[in-house]
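The values are calculated or read from the model by the stated rules, or taken from the named source; none is laboratory data. All figures in this text were calculated on a predicted structure; none of them were measured in a lab. Because the Cβ atoms are built from the backbone with ideal geometry, glycine has one as well, and the counts that use them run over all protein chains shown. These accessible areas exclude ligands, DNA and RNA; they are computed on the full protein's heavy atoms, side chains included. Shrake-Rupley method; radii C 1.70, N 1.55, O 1.52, S 1.80 Å.
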Amino acid sequence: MRSYTFIAALLALFFVGCQKPTINIEENMLSYTNNEWDVSVNRPVFSAQNAALEKGCKEVNERVTKLIDSLQNDLKEQLKEYLQEAQEMKINPMIPFMLDIQDSVFMADDRYISLRLVVYTLTGGANGLTEYYAFNYSMKQGKFLELEDILNYNKSAEIDKQIKTNFKNPDNCFTDVPTLSNVTTVNFSTNDICFTYEPLVLGAHYCGAAQVSVPRMILKGDLLLK
């Protein structure tokens, strides 16, 4: 009986040792509204049991928090200036100001975290502004990746060809061609590289943003990720 118990314990240790460290993702939501502003934030919080991975998760979380805090502070500062000007000009202010942040996690494992935030702000005008922010982090290198760390810019012509091939424009709303030079953000999953173009980059504002997904296997040597 003891031998069977010993063998079972060894097998349990073996299977635990073979398991890859995982990244946990918790969705964190923040919302507050009053007569002057309307703020809604959905952002991920990454964590891991593995100490090395937890260090990377912490760095990503801190970078995201810093950006969100900055966006909220900017909104409040713009609102303060706007209300002062409206009072001086004796006009009714167009409020509330709005800040809406939504997230998309493309990848989160023991190799990389790839995250995109979509930020919409409305600051007293008729049309709001939509901006995109990418966070690409290498767990093994312990650093945030620049675009040059992800894609081989020496092969930009070949990459542009694949972006154009996979670009979908069924209504012909977009009038410009997506390329590596005019891309807003780049993210990646285990299967695809995602190229995002903000509104007005490829066409009129009503066309919205454009997203092009290129299979990683097609890019081959043009992709620097391992």
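Report in % the part of the accessible area of segment 33-77 that belongs to carbon and sulfur, leaving out ligands and nucleic acids; probe 1.4 Å.
Of the solvent-accessible surface of segment 33-77, carbon and sulfur hold 45 percent.
Please give, to one decimal in nm, the separation of the simple spin-label points placed at residue 31 and residue 205, each 7 Å out from Cα toward the Cβ.
Inter-label distance under the simple model: 2.6 nm.
Quick one: how many Å² of residue 133 are accessible to a 1.4 Å probe, rounded to 10?
60 Å²
Enumerate the amide H contacts of residue 112 below 5 Å, restricted to partners 5 or more residues apart or on another chain; note that Pro and chain-start residues carry no placed amide H.
Under 5 Å from the amide H of residue 112: 139.
Which listed residue (205, 150, 173) has the Cα farthest towards the positive end of the charge dipole for segment 125-205, taking +1 on Lys and Arg C-beta and -1 on Asp and Glu C-beta about the Cα centre?
Value computed over the given set: 150.
Any idea of the accessible area per residue across the chain, 1.4 Å probe, to the nearest Å²?
60 Å²
Under a point-charge model restricted to the Cβ atoms of Lys and Arg (+1) and Asp and Glu (-1), what is the dipole moment magnitude of the chain relative to its Cα centre, in debye to the nearest 20?
The dipole magnitude comes to about 1100 debye.
List the lysines whose Cα lies under 24 Å from the Cα of residue 58, skipping any in the same chain that are fewer than 8 positions away.
Counting by Cα, and skipping residues close in sequence, residue 58 has these lysines nearby: 20, 66, 140, 143, 226.
Suppose accessible area is computed on protein heavy atoms with a 1.4 Å probe; arrange 175, 190 from highest to lowest.
The residues order as 175, 190, largest area first.
At 1.4 Å probe size, what's the solvent-accessible area of residue 66? Round to the nearest 10 Å².
Accessible surface of residue 66 is approximately 150 Å².
So for the chain, Kirkwood radius off the Cα pairs, Stokes-Einstein at 37 °C and 0.692 mPa s: how many µm² s⁻¹?
161 µm²/s
For segment 126-143, just list the computed ³J(HN,Hα) in residue order, Karplus coefficients 6.51, -1.76 and 1.60, θ = phi - 60°, integers in Hz, with x standing in for Gly and Pro.
Couplings: 7, 10, x, 10, 10, 10, 10, 10, 10, 10, 10, 10, 9, 5, 5, 8, x, 7 Hz.
Does anyone have the angle between helix 51-89 and the longest principal axis of the chain? Alpha-carbon axes, 0 to 90°, nearest 10?
So the inclination is approximately 10 degrees.
Just the ratio, please: alpha-carbon radius of gyration of segment 55-157 over 2.2 N^0.38 Å, N its number of residues.
Cα-based Rg divided by the globular estimate yields 1.44.
Rounding to the nearest 10 and keeping the result within 0 to 90°, find how far the Cα-based axis of helix 156-166 lies from the longest principal axis of the chain.
80 degrees
Check residue 200: other-chain or 5+ apart residues with amide H under 5 Å from its amide H, H built from backbone geometry?
Residues meeting the amide H criterion: 208.
Determine ³J(HN,Hα), in whole Hz, for all residues of segment 170-176 in sequence, where each value follows from phi through the Karplus function 6.51 cos²θ - 1.76 cosθ + 1.60 and θ = phi - 60°; x replaces Gly and Pro.
Result, ordered by residue: x, 8, 6, 6, 7, 9, 9 Hz.
Would you kindly derive the ³J(HN,Hα) couplings of segment 104-109 from the backbone phi angles with the Karplus curve 6.51 cos²θ - 1.76 cosθ + 1.60 (θ = phi - 60°), listing them in order in whole Hz, with x for Gly and Pro?
Result, rounded to whole Hz: 9, 9, 8, 7, 7, 8.
Mean residue ellipticity at 222 nm from the helices of the chain, using -39,500 (n - 2.57) per DSSP H segment of n ≥ 4 over the full residue count, to the nearest 500 deg cm²/dmol?
-11000 deg cm²/dmol
Can you pull the Rg over Rh of segment 110-209, Cα-only, Kirkwood?
With Rg and the Kirkwood Rh in hand, the quotient comes to 1.00.
May I ask which residue of 49, 33, 61 lies farthest towards the positive end of the charge dipole of the chain, with charges of +1 (Lys, Arg) and -1 (Asp, Glu) on Cβ and the Cα centre as origin?
Result: 49, furthest along the dipole toward the positive end.
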